[in-house]
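Novice: Take a look at the following structure, please.
The values are calculated or read from the model by the stated rules, or taken from the named source; none is laboratory data. Quick caveat: nothing in here was measured; it's all calculated off a predicted structure. Note that we place each Cβ from the backbone using ideal geometry, even for glycine, and neighbour counts take in every protein chain shown. Only protein heavy atoms, including side chains, enter the accessible area calculation; ligands, DNA and RNA are left aside. Shrake-Rupley method; radii C 1.70, N 1.55, O 1.52, S 1.80 Å.
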Amino acid sequence: MQHRDNELRSLAWEEVKKQKEKVESDPYRLNFHHMPPAGLLNDPNGFVQWNGTYHLFYQWMPFKTGHGAKFWGHYSSKDLVHWQHEKIALAPSDWFDKDGCYSGSAVVHEDQLYLFYTGNVKNEAGERETYQCLAVSEDGVNFEKKGVVARLPEGYTAHFRDPKVWKRGDHWYMIVGAQTEDLQGKVVLFQSENLMDWVFLGKIAGSGEHNLGEFGYMWECPDLFDIDGEDILIASPQGLEPEGMDYANVYQSGYFIGDLDYDRPQYTHGSFTELDRGFEFYAPQTTEDDLGRRILFGWMGVPDQYEADHPTVANQWIHCLTMPRQLTLLNGKLTQHPLKEYEAMRGPVLLHSSISIENDQKAVRGIEGRSMELSIELEQVDDQFAIEFYQYAALSYKKRDQILTLSRPHFQDKSRTEFRRVKLEDDLTQLRIFVDTSSLEIFVNNGEEVFTSRIFPQPEVKDLLFTSLGCTSFSIEQWPLSGFIYQ
Ligand code: FRU
C-alpha cells in the first residue's frame, strides 16, 4: 500500500498548495491556535512529549471543509509556543483505515513513538468496520504502520474508536470509546505487555453503569489519568439532552473523578462535569509532560454544527484547536489554566487600575485589539456587569444569582442570539481572557470554569465595551499577544 500512501500524501499537499493563497487571505486565520493548512481540522490526537519535543497531531480532511477519510496532520514544538508543521503522519491508505485514520493517542516506548488510532472502514455493503491500529516511528516524523492490534469485542457495534494508551506498573492499558448492541455509550479497557497484543478486559464505565442511568448512545474520545491520586476519566458522550444550563451544545465533553479497579475492571466515580461552557469545545486529549503537568488540548469545534455556515468555509478551511491548558484538581473540581509558556507571546503590559462604571456603558481607553490577553480583577460588583466584544459577543454576569452568560449571534440565523450559561460557585472575582482573531477563551475565577468559542465579528472592529448596572469597580492588565511562530 506504499503506492497509495504516497499518492494520498502528494494529493493532500497539492491541495494545500492550491488553496494556500485563498486560505491565508482569510481575515479570520488565527495567531496562536493550530489550524489546518487547508480543509477541515477536528480532534487533537497523539499529544505527547518525547525527548523534550512536544508532538501534537490532529484529525485532518485536506480535500474539503467537511468530514471524511481523515489523515493525521502533525505539529511539533520544543516550548509549546514555537510550532513547526511536520509532514503528514498518517494517510488513509490501507484496507484497515481506508475511510479514515480516526482519533487516537501516542506513547513512547524503547525510544520509539507509538501511535494508536482507529482505522475506519466502510465495507462493500456500506457498513462501518473499525480496527484499533498501530504505527511506529524512530525519528518522530516518519511512521510505519504495523496494522491492526485490537478488534471489536462481542456485544459491541462498530462505533468503537479513539484508543488512549498509558502505562501502569509493567502493563500497558488502552481505553476505547464504544457502543453496546443495545446502543449504550461505554468505555472499555484492554491490557498488553508489548503494545502489540491486546487482551480485552471489559467495560469500565458508560451509560447505565455505576450510578449514571441513561447517559448517551456513544462515548467518544475517552482519556484516563491520575491527578493527586484520583483517576480522572474524560469522555465525550453523545446523546445527552439539555438539562437547565447543562449540555447545551449538540455534544459535550466532561470528566468524572473516581477510582479505577483494574482487576475487576470497574470505575467507581462521582458525577459528570462539563469541561467547558462555551459554544465550541469537544474531543479533548491530555498528556503529562516532563515537568509533571497534565496538559489538555481540545478541538474548538463541535461535530454536526452547521459547518456550512462558518464564514471561513468560503476560504477553504475550517476549525482550530484550543490553547493548551494545564489541569489541576482543586476542592474536588478540575480547574484549567493557561500555560506559563504563553507569557512569551506578550507585548508590553498596559495597566488600567481602579476603573469604576456606574449605570453606564463605556470603552476603556487603550483596550482594543484582536490578539490579546486581559486579566481582570473585579473589586466590586453591585448588580450586573458585562463585556461586549467587537459588537458581536457578550459576557455578562448577574451577581444576584451568580450566573455568567456568553452570547453571540446564531451562525445560521444571525438575527437570533444564542446563550451559554453557568452558575458559579462563588462571586465572580477574576477573568482571564484570551482573544484571537476569531476566538475567545475565557478562564473564570482561576480556571473554575472556561468558556471557549469562535467569534466572527467584522474584522475591522477592534473595541470592547464595558457595561454596569449599579456600580462595578475593576482593574485590568492587558497584553497584546504576538502569536506563535508557525512554520
Ligand atoms: C470526534 C470523532 C472521533 C473520531 C473522529 C473522526 O470528533 O468523531 O470519535 O475518531 O472524530 O474524525
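Novice: Name the pairs whose Cβ atoms lie under 6 Å apart, with the first residue in the stretch 155-167 and in contact (Cβ under 8 Å) with a residue 12 or more places away in the chain and within 11 Å of residue 187 (Cα to Cα), the second within 11 Å of the ligand (Cβ to nearest atom) and open to solvent by 20 Å² or more (accessible area, probe 1.4 Å), and 6 or more positions between them or separate chains?
Specialist: 161/102; 162/220
Novice: Then there's this: Condition (residue is of a type outside the set (Gly, Ala, Ser), under 20 Å from the mean Cα position of the chain (by Cα) and open to solvent by 20 Å² or more (accessible area, probe 1.4 Å)) applied to the stretch 182-195: is it met by at least one residue?
Specialist: Checked against the condition, which is being of a type outside the set (Gly, Ala, Ser), under 20 Å from the mean Cα position of the chain (by Cα) and open to solvent by 20 Å² or more (accessible area, probe 1.4 Å), the stretch 182-195 yields no hits at all.
Novice: Further question: What number goes with the only condition from (1) outside the structural domain of residue 433 (by TED's automatic domain parsing); (2) β-branched (Val, Ile, Thr); (3) under 30 Å from residue 398 (Cβ atoms); (4) not in a strand (DSSP E or B) that residue 312 does not pass?
Specialist: (3)
Novice: Residue 253 passes all but one of (1) under 19 Å from residue 448 (Cα atoms); (2) open to solvent by 10 Å² or more (accessible area, probe 1.4 Å); (3) of a type in the set (S, T, N, Q); which number fails?
Specialist: If we test residue 253 against (1) under 19 Å from residue 448 (Cα atoms); (2) open to solvent by 10 Å² or more (accessible area, probe 1.4 Å); (3) of a type in the set (S, T, N, Q), just (2) comes out false.
Novice: So which residues in the stretch 71-81 are open to solvent by less than 10 Å² (accessible area, probe 1.4 Å) and either among the acidic types (Asp, Glu) or within 13 Å of the ligand (Cβ to nearest atom) (or both), if there are any at all?
Specialist: Within the stretch 71-81, 71, 72, 73 meet the criteria.
Novice: While we're on this one: Tell me, yes or no, whether the stretch 374-385 has at least one residue that is in a loop (DSSP other than H, G, I, E, B) and crowded, with 18+ Cβ neighbours inside 10 Å.
Specialist: So far as the stretch 374-385 goes, no, none of its residues is in a loop (DSSP other than H, G, I, E, B) and crowded, with 18+ Cβ neighbours inside 10 Å.
Novice: Looking at the stretch 400-424, which of its residues are closer than 22 Å to residue 475 by Cα and open to solvent by 80 Å² or more (accessible area, probe 1.4 Å)?
Specialist: Result: 400, single match.
Novice: Can you pull out every residue in the stretch 108-127 that is out of contact with any Gly (no Cβ under 6 Å at 6 or more places or on another chain) and farther than 15 Å from residue 70 by Cα?
Specialist: 108, 109, 110, 111, 112, 114, 123, 124, 125, 126, 127
Novice: Scan the stretch 134-146 and report the pairs whose first residue is within 18 Å of residue 9 (Cα to Cα) and whose second residue is charged (D, E, K, R) and outside any strand (DSSP E or B), with Cβ atoms within less than 9 Å and a gap of 6+ or a chain change.
Specialist: 140/86; 141/86; 141/87; 142/87; 144/138; 145/5; 145/94; 145/97
Novice: Right, next: Criterion first (within 16 Å of the ligand (Cβ to nearest atom), more than 19 Å from the chain's Cα centre (by Cα) and either assigned by TED's automatic domain parsing to the domain that holds residue 10 or open to solvent by less than 50 Å² (accessible area, probe 1.4 Å) (or both)) does residue 106 satisfy it?
Specialist: So residue 106 fails the test.
Novice: Restricting to the stretch 430-481, and then to whatever is more than 24 Å from residue 310 (Cα to Cα), of a type in the set (A, V, I, L, M) and touching a residue at least 60 places away in the same chain (Cβ under 8 Å), can you tell me which residue is most open to solvent (accessible area, probe 1.4 Å)?
Specialist: 469
Novice: Of everything in the stretch 330-343, what is outside any strand (DSSP E or B) and surrounded by 14 or more Cβ atoms within 10 Å (Cβ to Cβ)? Give them in sequence order.
Specialist: 339, 341, 342
Novice: Do you know which residues across the stretch 283-299 are more than 12 Å from the ligand (Cβ to nearest atom) and either among the aliphatic types (A, V, I, L, M) or in a loop (DSSP other than H, G, I, E, B) (or both)?
Specialist: Correct list: 289, 290, 291, 292, 293, 295, 296.
Each row is one residue, and each column tells you yes or no for (1) under 29 Å from the mean Cα position of the chain (by Cα); (2) modelled with pLDDT of 95 or more.
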| residue | (1), (2) |
| --- | --- |
| 323 | yes, yes |
| 338 | yes, yes |
| 341 | yes, yes |
| 344 | yes, no |
| 358 | no, yes |
| 362 | no, no |
| 387 | yes, yes |
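Novice: Looking at the stretch 61-75, I want the residues that are in the same structural domain as residue 162 (by TED's automatic domain parsing) and within 16 Å of residue 23 (Cβ to Cβ) and have a partner that is β-branched (Val, Ile, Thr) and in a loop (DSSP other than H, G, I, E, B) with Cβ atoms under 8 Å, at least 6 apart or on another chain. Which pairs are those?
Specialist: Correct list of pairs: 73/88.
Novice: Test of understanding: among 321, 339, 330, 291, which residue is among the hydrophobic types (A, V, I, L, M, F, W, C) and in contact with a Lys or Arg (Cβ under 9 Å, 6 or more places away or on another chain)?
Specialist: Only one candidate passes the filter, namely 339.
Novice: Still on this model: Just give me the residues in the stretch 204-218 being under 10 Å from residue 266 (Cα atoms) and without any contact (Cβ under 8 Å) to a residue 60 or more places away in the chain, in sequence order.
Specialist: If the condition is that a residue be under 10 Å from residue 266 (Cα atoms) and without any contact (Cβ under 8 Å) to a residue 60 or more places away in the chain, then 209, 210 are the ones that fit.
Novice: Answer yes or no as to whether residue 43 is of a type in the set (Asp, Glu), within 14 Å of the ligand (Cβ to nearest atom) and open to solvent by less than 10 Å² (accessible area, probe 1.4 Å).
Specialist: When the stated conditions are applied, residue 43 does not pass them.
Novice: Among the residues of the stretch 89-126, which ones are small (Gly, Ala, Ser) and in a loop (DSSP other than H, G, I, E, B)?
Specialist: Correct list: 89, 91, 93, 100, 125, 126.
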